[in-house]
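The values are calculated or read from the model by the stated rules, or taken from the named source; none is laboratory data. No experiment lies behind these values; they were computed from the predicted model shown. Cβ placement follows ideal geometry from the backbone for every residue including glycine, while neighbour counts extend to all protein chains displayed.
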Amino acid sequence: MELKNIIFIIVLGLAAALFSRSARRLIAWLRVGRPENRFDRIGERLRTTLVVGFGQSKILRDKVAGPIHAGIFWGFLVLLFSAVEMVLEGINNSWSFNFLGPVYSVITVLTDLFCLLIIVGTMMSLWRRYVTKVRRLQVEHEKVEAGMILLTIFTIVTSLLVQNALRGPVHNGDFSWAVRPIAQPLGSVLAAGLGSAAAFVFELAFWMHAVLILAFMNYLPYSKHLHVLTSIPNVFLGPLEPTNSLEKIDFEAEGVEKFGVVDIEDLSWKSLLDGYTCTHCGRCTSVCPANQTGKVLDPRGIIIAIHDRTLDKAPLILKQANGEELTTEEQAVWDKKLIGDYVSPDALWACTTCGACMQECPVNIEHVPAIVGMRRSMVMMESQFNDESALLPDIYGNMETNSVPWGGFGQADRANWADGMGIKTAAEDASMEVLFWVGCAGSYDERAKKTTRAFAELMQIAGVDFRILGTEENCTGDVARRTGNEYLADMLTKTNVETFQRYNVQKIVATCPHCFNSLKNEYPQFGFSAEILHHTQFIQELIASGRLVIDRTTTSTEAVTYHDSCYLGRYNAEYEAPRAALENVPGLTILEPARSEDRGLCCGAGGGRMFMEEHVGDRVNIVRTNELLATGATTIAVNCPFCTTMITDGVKAAERTDDVQIKDIAEVLRDRVVVPS
């Protein structure tokens, strides 16, 4: 064994020991979080990992940065063979994977190609960050580190390419299966130019490659690039579906002293892993409607704050668990607050819970549950509100007293919209094909009641045997849940579940995506499951089955643009049914806005923002409305009463009420169907 091998083994052993220590520390800190089962549905998790993790499907949504990052990522997967081979060679100069024969040829060809791709990719990344200055990458305190990491990657790959290029000219070993389309020609040029210095350059390249890899490996646990190690596990452990339901709180459990997320120990260990895994890429922030309209909310900043608080407090929690006392400095860190010292309360209240951040995150981080968890502690533990959320206590009072967010309405008036329509309640006759869940807006808001009546008329035309709950219907609790008042949401939900079970409800259709999402994805946590449909889905079913017939005699034409609501689209992946319903209508030309479907922009009403003020920056609904108006459409089609309100206000602000109308899809179809004589 040569001196080189002895030195390498010592360096390798030290690097492995240091990395093992760091890994154990990080895992121990994760255990500070609440337990959570993320090892169910293994098959689905493996598929998600293959598509999102290894396939880089979310990364590739960005047509410029996506291929650059994916190329670097796939290159590193291929170069893992070279890293292992480097270790073998460091232990014994003659060891390699050459014995794999033709398989080794494939590996060496791919190694050369991806070395070149990574070199080009890192140069393009440096250009985007420091020359073209992509906005989401301009985080001041990360500029030096980001550049250092990119240059390190560049050097690691370049040294590997030089090493492989000189391997043949310097060594006379068996490289019969080493096919190197780039390194071999480069080796001939380098050998001729370097002469007797070729052997020295080869050894220099080897040590640069080896030391940088081992140093980089040990630097990762202390850097934002920890995601290199945790991204694949985080994707595997991530949500299998859109995060369309929030975790239920068991208020009857014994020993519960805190509600919501007060500090990191109230987050699940998976949320802490999210903090480790954040790539700081800013894709979440670049699509956040609050951030893009000038609010303080930065989804990336929320996750980084969780990471920073974990690094600060987790060691102290473990120290106390071991019976050790904290120093004065440590006590000062302990006394800090996650909400306030690390995360701005204003940022939490600015969130519309639209889910765009999670849609774009390449490593499946769950921002919204963390944000709502912190809202819960602010509301239920501190009664803490800001200027924009100051009306929420009144909203809660209305919901608790009359089961409707708006004041001035009574439960006795909930079914007044149906006067004269001959609609039965479940109390009058519980035998039904479907229960029509009207919702608070559809029952009380004058504009939303037009949609309610239009949809009820469509069902009557189609011969649907439906019922309503009337005065027995209560708010689903969505607004209370998303704004953090889980106790109120729990009460409303349980009341509704009792009503559903009393009437043996098997199928529900709702005109509000927020009600639809709650009934479909959250009510099962409370023991109620049924077939839940949004009214656009039900309308399309009625058309497809022939129960609703489109009037094809009309000669009128109309240009329509369609706004995807977040809670139907992004939360429940329903983009086709509303469009299919519109496409069935002759004379309608559908114009898509610049941002649509899973890239659509929120109207600004979700997450309880419908009932909050908006004082900072541009109004989200104005920005979204202007995008819809830019299509040139004369009708804006919607599927949500909240969206209707927000976009109607946007059209008024643009002074376009004379030439642009806002219609729910039910209203569009009501004017275009054949009414049986």
The residue from Glu486, Glu433 that alone is at pLDDT 95 or above, over 27 Å from Ile647 (Cβ atoms), surrounded by 20 or more Cβ atoms within 10 Å (Cβ to Cβ) and of a type in the set (Asp, Glu) is Glu486
Note: among Pro578, Pro641, just one is closer than 21 Å to Phe538 by Cβ and touching a Cys at 6+ places or on another chain (Cβ under 7 Å), namely Pro641
Of the residues in segment 403-426, those that are of a type outside the set (S, T, N, Q) and either over 25 Å from Ile461 (Cα atoms) or under 38 Å from the mean Cα position of the chain (by Cα) (or both) come to Val404, Pro405, Trp406, Gly407, Gly408, Phe409, Gly410, Ala412, Asp413, Arg414, Ala415, Trp417
When restricted to Gln506, Gln460, the only residue surrounded by fewer than 23 Cβ atoms within 10 Å (Cβ to Cβ), over 28 Å from Cys354 (Cβ atoms) and within 32 Å of the chain's Cα centre (by Cα) is Gln506
Being small (Gly, Ala, Ser), surrounded by fewer than 24 Cβ atoms within 10 Å (Cβ to Cβ) and in contact with a Gly (Cβ under 6 Å, 6 or more places away or on another chain) narrows Gly282, Gly260, Gly255, Gly301 down to just Gly260
task = Kindly indicate whether Leu166 is touching a Lys or Arg at 6+ places or on another chain (Cβ under 9 Å), assigned by TED's automatic domain parsing to the domain that holds Ile72 and not charged (D, E, K, R).
result = no
Within 24 Å of Trp437 (Cβ to Cβ), more than 27 Å from the chain's Cα centre (by Cα) and crowded, with 21+ Cβ neighbours inside 10 Å: is that true of Leu533 in this structure?
no
Across segment 143-166, the tally of residues that are modelled with pLDDT under 85 and surrounded by 17 or more Cβ atoms within 10 Å (Cβ to Cβ) stands at 1
Considering only helices (runs of 4 or more DSSP H) wholly within segment 168-245, the ones with at least 2 residues that are under 30 Å from Val368 (Cα atoms) are 227-237
Of the residues in segment 394-453 that are in a helix (DSSP H, G or I) and of a type in the set (A, V, I, L, M, F, W, C), the one that is farthest from Ser383 (Cα to Cα) is Ala418
Over segment 338-360, the set of residues surrounded by fewer than 21 Cβ atoms within 10 Å (Cβ to Cβ) and not in a helix (DSSP H, G or I) is Ser344
Of the listed residues (Thr310, Thr230, Thr285), the one being of a type in the set (Ser, Thr, Tyr) and within 15 Å of the chain's Cα centre (by Cα) is Thr285
Within segment 314-337, restricting to residues that are among the charged types (D, E, K, R) and within 22 Å of Ile27 (Cα to Cα), the one that is surrounded by the most Cβ atoms within 10 Å (Cβ to Cβ) is Glu330
Pairing a residue in segment 391-409 that is within 18 Å of Asp445 (Cα to Cα) and in contact (Cβ under 8 Å) with a residue 40 or more places away in the chain with any residue that is of a type in the set (Ser, Thr, Tyr) and in a helix (DSSP H, G or I), where Cβ atoms lie under 7 Å and the two sit 6 or more apart in sequence or on different chains, gives Val404/Tyr444
Of the residues in segment 180-191 that are among the hydrophobic types (A, V, I, L, M, F, W, C) and touching a Pro at 6+ places or on another chain (Cβ under 9 Å), the one that is farthest from Val170 (Cα to Cα) is Leu190
